[in-house]
Every structure is written in C-alpha cells, then in structure tokens.
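The structure appears right after this line, and notes come after that.
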Amino acid sequence: MASRSELFDRLKCLSPAQFEEVLFRLKIEPWIIPGAFAEPSVRAKAVIQRLEQEQEGLVCLERTLAEPAISIIGEQYIGYEIEAQVKRIISEYTQQPFEGREDEKRRLDEFVMNNSSGVLLITGAAGFGKSAFLSHWQQTRQEDCFIAYHCFSYRYEKTRSVSEAYRHLLKQLYLYYNIRNGQFPNDENGMRDILVGMLREPVSSEGKRLVIVLDGLDEAAKTFEPFFTLLPDGVFVIASARAEEGDEPKYLRNWTDNAQRLHLKRLSREAIAKWLGQIRELAAYAQDDEFIKSLDETTGGFPLYLRFLIDDLREAVRQSQDVREVLAQTPEGFEGYVEQQLERLDELDLPEQRWQFFALLAVVKGVLEKEDIKALTQMRDRDLRQLRQSWQVTRWMQITEDKFYAFAHPLLAKTFGGKLGDDAEEALQDLIDYCAKWQEHHSAYALRYYAEHLEDVKRWEVLYKLAWDEDFASTQLKNLPNEPDLPLKTVQIALQGAAETDDAGGMAEFLLLHAQRLMQIITQESPLEALREGSLERAWKLAEQFEIERCILWYLLLAWVLATDATRDNGIKQSGETLERLQQKELLRLGNWQGDYAVCLLTYIWAVTKGMFTELSKGIFLDDQSLANLCQNLVKGNDFAAALDTARLIDDSSLRAQALLEIAKAQAQAEHFAAALDTARLIDDSSLRAQALLEIAKAQPTAEHFAAALDMARLIDDSSLRARVLLEIAKAQAKAEHFAAALDTARLIDDSSLRA
C-alpha cells in the first residue's frame, strides 16, 4: 500500500475535475473540504485527515486514484474557463505582499463567526485594495468555511458576465450541497432561479459555514442583483464594490437593505512599515521612521500608489541607486507620480507608437486583442515584443497569453488617459472609427463595445442604425456564440439613448425590436407576431414560455399594443384582460433595465387608457426605484392621482419622500394648492416636507390656502427652513394684498435678516 505522503502528493496534483470525482466516489461530504479556491495541498490534507478517521479509508483512496476513469477526466467541464480566470486573478493578488488590514480582517472574521447569517458590503474608493483584501482573507478561512468565490473583473470578458457569474456560483454550490450533475440552464434567469431556491434551504448543522464572496460588483457588465431573500443559518454573503463611505451607487442599490458595511480607508504608517518588511530588498528601511514618514506623506497611504512606488524602490536597489534619493524625487499624489513616469517613458528607447499604445488602452472598455492594437497603432509584432520586454511598460499592464492587453487596474487607465490628454482623445476617435468598420475585420472588441462607445459620444443616429442592423446582430451571434445576449444589449443601449433624448417613438420601436431579437434567439414566433395573426390566446401562451421577468414585459407590451391599436374595436377591453391575467401570476419584482421597460410601458398604457387599469397593474412587479421612476413619469403627465397611489407603494422611505416632493411641486405649479398641501403632509422627512412647503409658497397660493400653509410651516423643526417658508408665504400674502396677514406672518420669522 502507498504511504500517506505518497497519497497526499498524488491527491494534490489532481485537476479540479479529478478531485471532485474522487470526493464523489469516496462519498466525502464536500462541505467539510475547503472550496475550489483553496490551495491544492490544503484540500488534499483535509481529505487525508477525513479518511484516516475511517477504517480502510486510505486503502479506498488508493483504489479510487488507481481507477482508469480518474486519469482520463480532463478539465473541459462546465465552468472551467471562468474558474481558471478567477483563480488567476486571485493568485496575482495573493502573490503580492499584503499588510495593514488587521482591524478590517478582524471585523470580517467576527462577522462570519459571531453571526448566524448575514450580508456584508465591503466598499472603498478605486485602488484601496478591496480585491487584494478579499483574496488574502479567503486563504485564511478555507479550513473554517466553505468559500464560494467569484470576482467581476474587466480583465476578462467572461469575468464581467452576469451569466458566467451565476454559472460559476452554481458549480461551487452544487459541490457544497453534494449535488452531482446539477442543471445549468442556458439563460441567466434560469440559473438565478436555481440559486434562489438553493439558498432557501438550510445548510447541514454538521457542515462548515457557507460564505459566498462576490468581488467587484462595480465591474460587472450590468447590475448584478442579489440572488437571495432571507439567508438560512450558516450562510453568509460578502460583496465588494467601489464606493465612497456612505454612498449608494446604482450597483449597490438593492444590496444595502439589512446589510452591514465595512469601508476600507488609507493605510497607516505601521502598515507601510510592515509592507516594506516583507520585501527582502527593502526590509532594512522598514525600521527607518523618517523613511516611512516620507513614504507615507508621498503616497498618502494610498495602496495602489504604494504598490507601484515600492516596485520602483525595489528596482532602485537592484540598480544600485540611492533609494532615499529616488523617494525624495517622487512627487506627492498619484497623478503627479503617473506624470513623472510618463516623462521617464519618453526617455526610453521604445517604439514611437508607445503613446498611441498607452492612450488606446486608456480609453478601451475591455481587453484589446493584439491584432486590434496592431491595426490601430500600425505597430508590428517586433514593436509589441519590444514593449513587452520593457519592465517600465509591463508594470502597468495586464497581458494575457501575449494576445490580450489591458491596464492592470481601472484607475490606472483613467489616470493615464487624463495625463495623455489629446492623445487619449485621438485614440478614442480612432477606436470608434475602427469599430465602425466591423464588417471588414469582425473584431470581437468592436462587436462587444461599439454601441457603448456610440452612446458615450451621443451619436444617436448611428447607434439607432446599428441597433436595427440585422447583419451586425447576426455577426455578433456568429463570431461570439457564447455571448448570445449581445444583440439584445445593443438594442437596450439604443433604447436608453431614445429615453435620454425623450424620443417616445424611438423607445416604442426599440421595445418592439428587443422583443423581436429575443424571440429570434429563442423561438421562431413571438407573442407579438401571434397577436398580429389575430390570436391573443396564443400570444399569452407564448409569453408564458419565458422566465417570469420577461413574461411580465411581454404581457405589458401586449397590453400596450392592444390599447393603442386603433383598428381593434375591443382593444381597450383586451388590454384590461391581459393585465388581469398578468395579475394572477406569481410575480417577481423587476429592477434595472427590466424595471425601466415596465415603467415605460405602464406609462404609455395609463396615458392611453386614462388610468382605467391603475388598480390592476400598479406596483405588483416593480421595485422601489422603478416605482419612483413611474411616479415621475405620471407627474410629467399631470396624472397626480395615479402618481400618489404609486408613491404610497414605495417601501423605501427616502425614495417615497422624494417622489411625494416632486408630486407636491407639480401640483403647486398646476395651481392645485390644496392638493399640494395634502401631499406635503404625507412626506415623513422633515427637510423634504419643508422643501415642498417652500415650493408651494413660491407658487403663491390663493388666500384660502394661507392658513393651511402656515399651520404646516409651524411644524417645521429646522429654524432656517421654517424662516424661508414663512418668508415666501408672507410675500405671497402681500402680493395678494393681504397686508395685515403678511405682517403677522413676518413676525413669526425668527431670523432677523429674513424678517427684515
């Protein structure tokens, strides 16, 4: 029989697929073994220890390893590519020195170990080390927890994909729950539904805690929504995203409810000293307080700056340069440092297209292939090879397989772009022109990002033409078959453009085009085509073939078409029947682009039907932000009653207060002063309520409304706001020639300046 050490060596050398097969054949509960992102030796050690507790356990392991089926299992299994890319990213971080986050690490440990379940959001500005922090932390907890890990990164297209994220998480959770041959639906909503269902189930009380880590929500190709409601005991979700302390950007909007927050700030001097202490060439300077002070003042404790400056200092040691002098000549602030580095690049013997190269990579939205770079810069292979051989160039870059190029960090791209100025502007124009020639080169970059670039520069007509171009859509599907939603994404971008320019007709057309493109991908006949053929029943049934989110949108589109089709004698009635049928379904709340579509359609349905079906359709499938957007649309149409009904459905108090404020302002401008005052009373936030009263007062209400306005003004807690509202009421009373009342109101103003 093989020795324990021999079995250990053979086990740790298995591929991930082979390792999983061994676990299944030995009936080892996967949740007691560290996850796929743990070191192979850590996983192998856990298996050996588990089998040593069983009689003949190691004998069974030797027998299993000898089975021919194990040796022929390759790595071409579902999710391998995305797993390999995520592992590569994690490895890059864990191979770098990491110090200075002891307090944050302790808080993260306490969150997992002292709670039964929960969600933790880790935020920080760009370059403050969120990914490095999570990569290093997960290494320390592999033996205590089962960690399912995914990172969104612009470095690889697959790691930005929401669909790939679902697939990657599913694969890891199937392993944790010991589900073999689990399903991987083709559409992301199908995978999301499975995740939602799995996370409703309790975890084994004997197993390890399940920790799901999602790094870089801000780098996902689109907003990645939470895929859970209430987490069972033993399950934790840790998500990171770029955000300033207290901010709630769009990609975090639905993550903050009931979530704890951990914000990463600058590194301390003690942390900088520890960082230097880990680097052999610079360890001697770790004890030099003056040197550490200077390094701290130069970088401001900014981790990304420290990383590159420390590389400079280490290189200075290798080149026998004076390290203190190098530091003394380094400017304070990251932007000044980048400018200095650009000046040094200018002194190197590099291809003259170096600035085109840097400027191009500063403006791209994803990785750029070598052939694209050669076409855009007129560089040859030897020129690129010369750049790759220069440490001063590659230190800023992420180069994969000598084929894909990108800056190593998004903030680097932004900073370089700002410093390169007109070079970056010219590079962007050249890139857009290059994308416009997609028919000639079929560049993957052009097929992915041309529409986004057109949206950025607001070339609406070109964007709209591209969205309608069937050849462009078919080329996307042919050349990038693993990204079937690209044609839909192009139409979505065009729809956003139509919305930004208030082009109602264009919005309607792109909604229809989106539906058509979706059905071209999925089936030969769309619900809309069935309706045009005269069969509403078949249209309903076709809509029900989709996942519930798109099913809702199809029903709304059908209701809108029915309500607006002047050739139908009973179109309004059938529209109502469609909405009633929709209401009977088990509906999910829509957000993001789906919520935007629903808001757009509901607005038009209400406009056509004069609100006849408000009670049937309002709020049954919209999230708070979408309800607020719908409220705003109804206010624009002066449909105040429907807007108020919708505002009352908003759970988020701040969004509800803001919506009510907009309604009150619009009512006052329409001279519905009594109604505006009633709406103002509904606003919970005292500051926003005062703001509403201020707008109503500015609208100069008639005499009979002064008493009510004054009563509400007296309730304002903030003295300065109260004074401003009373001032506007007094001015309105004076304008209405109620001078005695105006004087009485003026006496109520505490602020002597405003009273005067």
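Numbers at a glance
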item: Some residue of region 19-29 being more than 26 Å from Thr140 (Cβ to Cβ), in contact (Cβ under 8 Å) with a residue 60 or more places away in the chain, assigned to a helix (DSSP H, G or I) and open to solvent by less than 50 Å² (accessible area, probe 1.4 Å); result: yes
item: Breaking point among (1) of a type in the set (A, V, I, L, M); (2) within 39 Å of the chain's Cα centre (by Cα); (3) surrounded by fewer than 23 Cβ atoms within 10 Å (Cβ to Cβ); (4) at pLDDT 75 or above, for Leu721; result: (4)
item: Scope region 724-756; condition small (Gly, Ala, Ser) and surrounded by 15 or more Cβ atoms within 10 Å (Cβ to Cβ); matching residues; result: Ala730, Ala732, Ala734, Ala736, Ala741, Ala742, Ala746
item: Residue that is surrounded by the most Cβ atoms within 10 Å (Cβ to Cβ), among those in region 91-116 that are outside any loop (DSSP other than H, G, I, E, B) and in contact with a strand residue (DSSP E or B) (Cβ under 9 Å, 6 or more places away or on another chain); result: Leu108
item: For Glu332: the one exception among (1) in a helix (DSSP H, G or I); (2) closer than 19 Å to Phe302 by Cβ; result: (1)
item: Any chance Asn258 is out of contact with any strand residue (DSSP E or B) (no Cβ under 8 Å at 6 or more places or on another chain) and within 28 Å of Leu169 (Cα to Cα); result: no
item: Residue tally, condition touching a helix residue (DSSP H, G or I) at 6+ places or on another chain (Cβ under 8 Å), on the phi < 0 side of the Ramachandran plot and outside any helix (DSSP H, G or I), over region 401-436; result: 6
item: Scan of region 315-329 for residues that are closer than 19 Å to Gln389 by Cβ and either at pLDDT 90 or above or part of a helix (DSSP H, G or I) (or both), ordered by number; result: Glu315, Arg318
item: Yes/no for Asp423 being among the charged types (D, E, K, R) and touching a Phe, Trp or Tyr at 6+ places or on another chain (Cβ under 6 Å); result: yes
item: Where a residue in region 335-357 is open to solvent by 80 Å² or more (accessible area, probe 1.4 Å) and its partner, wherever it lies, is of a type in the set (Gly, Ala, Ser), with Cβ under 8 Å and at least six apart; result: Glu335/Gly418; Gln356/Ala427
item: Residues of region 652-699 satisfying the condition of being surrounded by fewer than 21 Cβ atoms within 10 Å (Cβ to Cβ) and part of a loop (DSSP other than H, G, I, E, B); result: Asp652, Ala670, Glu671, His672, Leu682, Asp684, Asp685, Ala699
item: Filtered residues of region 439-462 (kept if part of a helix (DSSP H, G or I), without any contact (Cβ under 8 Å) to a residue 60 or more places away in the chain and open to solvent by 10 Å² or more (accessible area, probe 1.4 Å)); result: Gln439, Glu440, Tyr450, Glu455, Asp456, Trp460, Glu461, Val462
item: Top-ranked residue of region 586-622 - restricted to ones that are open to solvent by 60 Å² or more (accessible area, probe 1.4 Å) and not aliphatic (A, V, I, L, M), ranked as modelled with the highest pLDDT; result: Asp596
item: Residue match in region 253-264 (condition: modelled with pLDDT of 90 or more, assigned to a helix (DSSP H, G or I), open to solvent by 10 Å² or more (accessible area, probe 1.4 Å) and of a type outside the set (A, V, I, L, M, F, W, C)); result: no
item: Pairs with Cβ under 7 Å, 6+ apart, first in region 179-206 and within 12 Å of Leu169 (Cα to Cα), second part of a loop (DSSP other than H, G, I, E, B) and modelled with pLDDT under 85; result: Phe184/Ile78; Met191/Phe184; Met191/Pro185; Ile194/Gln183; Met198/Tyr177
item: Residues within region 150-178 that are of a type in the set (Gly, Ala, Ser) and either free of Cβ contacts under 8 Å to residues at least 40 places away in the same chain or open to solvent by 20 Å² or more (accessible area, probe 1.4 Å) (or both), tallied; result: 2
item: Pairs, first in contact (Cβ under 8 Å) with a residue 60 or more places away in the chain in region 625-650, second small (Gly, Ala, Ser) and part of a helix (DSSP H, G or I), C-beta under 8 Å, six or more apart; result: Gln625/Gly595
item: Criterion (closer than 17 Å to Arg155 by Cβ, modelled with pLDDT under 90, of a type outside the set (A, V, I, L, M) and open to solvent by less than 30 Å² (accessible area, probe 1.4 Å)) met by exactly one of Thr394, Thr400; result: Thr400
item: Residue list for region 623-641, restricted to those being open to solvent by less than 50 Å² (accessible area, probe 1.4 Å), closer than 17 Å to Ala674 by Cα and either assigned to a helix (DSSP H, G or I) or in contact with a Pro (Cβ under 7 Å, 6 or more places away or on another chain) (or both); result: Val635, Phe640
item: Positions within region 1-31 being aliphatic (A, V, I, L, M), under 19 Å from Val59 (Cβ atoms) and within 35 Å of the chain's Cα centre (by Cα), in sequence order; result: Leu14, Leu23
item: Matching residues in region 188-244 - criterion: being modelled with pLDDT of 85 or more, more than 14 Å from the chain's Cα centre (by Cα) and in a loop (DSSP other than H, G, I, E, B); result: Leu199, Phe228, Leu231, Pro232, Asp233, Gly234, Glu244
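Yes/no matrix, rows are residues, columns are (1) assigned to a loop (DSSP other than H, G, I, E, B); (2) open to solvent by 20 Å² or more (accessible area, probe 1.4 Å); (3) modelled with pLDDT of 85 or more:
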{"site": "Arg43", "(1), (2), (3)": "no, no, no"}
{"site": "Arg63", "(1), (2), (3)": "no, yes, no"}
{"site": "Ile89", "(1), (2), (3)": "no, no, yes"}
{"site": "Ser131", "(1), (2), (3)": "no, yes, yes"}
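Every residue, every condition in (1) out of contact with any Cys (no Cβ under 8 Å at 6 or more places or on another chain); (2) surrounded by fewer than 18 Cβ atoms within 10 Å (Cβ to Cβ), yes or no:
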position	(1), (2)
Tyr464	yes, no
Asp485	yes, no
Glu500	yes, yes
Gly506	yes, no
His514	yes, no
Leu518	yes, no
Glu544	no, yes
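Rundown of residues vs (1) within 24 Å of Ala375 (Cβ to Cβ); (2) assigned to a helix (DSSP H, G or I); (3) touching a residue at least 60 places away in the same chain (Cβ under 8 Å), yes/no style:
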{"residue": "Leu466", "(1), (2), (3)": "yes, yes, no"}
{"residue": "Phe472", "(1), (2), (3)": "yes, yes, no"}
{"residue": "Glu483", "(1), (2), (3)": "yes, no, yes"}
{"residue": "Gln492", "(1), (2), (3)": "no, yes, yes"}
{"residue": "Ala515", "(1), (2), (3)": "no, yes, no"}
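The values are calculated or read from the model by the stated rules, or taken from the named source; none is laboratory data. Everything numeric in this text was worked out from a predicted model, so none of it was measured. With ideal geometry, Cβ positions are generated from the backbone for all residues, glycine too; neighbour counts draw on all protein chains shown. To get the accessible areas, we keep the full protein, side chains included, count just its heavy atoms, and leave off ligands, DNA and RNA. Shrake-Rupley method; radii C 1.70, N 1.55, O 1.52, S 1.80 Å.
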